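To start, the structure under review is shown below, and the notes come after it.
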Amino acid sequence: MHLQEEGTKTIHLKVTTLFEHDKNIGAVVVRHDTNVNYEKIQYATLCIHENPRCIFIATNSGIIINMTDLQEWPAVG
């Protein structure tokens, strides 16, 4: 499952809310994401913490990214 697709999910948190996730996910891959949101972070966290042997892979090791032709922006590295 691609978390970019998950970015459209909305959740209304209540005391009894259970945020379901795919228990078959074996890796969370993170790259520069201009649409990052709490739901994506929560989904990834659930997979890493609750799925046995789920690994975390970070990409984009650079400290800057060229989002436009005119400027450099901070990246995730």
Residue check for Asp69: open to solvent by less than 70 Å² (accessible area, probe 1.4 Å) and assigned to a loop (DSSP other than H, G, I, E, B): no
Filtered residues of region 1-34 (kept if within 19 Å of Thr59 (Cα to Cα) and at pLDDT 85 or above): Ile25, Gly26, Ala27, Val28, Val29, Val30
Residues of region 50-77 classified as touching a helix residue (DSSP H, G or I) at 6+ places or on another chain (Cβ under 9 Å) and among the aliphatic types (A, V, I, L, M), total: 1
Qualifying position, being loosely packed, with under 10 Cβ neighbours inside 10 Å and at pLDDT 85 or above, among Ile57, Ile41, Ile48: Ile57
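The values are calculated or read from the model by the stated rules, or taken from the named source; none is laboratory data. Computed from a predicted structure; not experimentally measured. Counting neighbours? That spans all protein chains shown, and the Cβs are built from the backbone with ideal geometry, glycine included. In case anyone asks, the SASA skips ligands and DNA or RNA and just uses the protein heavy atoms, side chains included. Shrake-Rupley method; radii C 1.70, N 1.55, O 1.52, S 1.80 Å.
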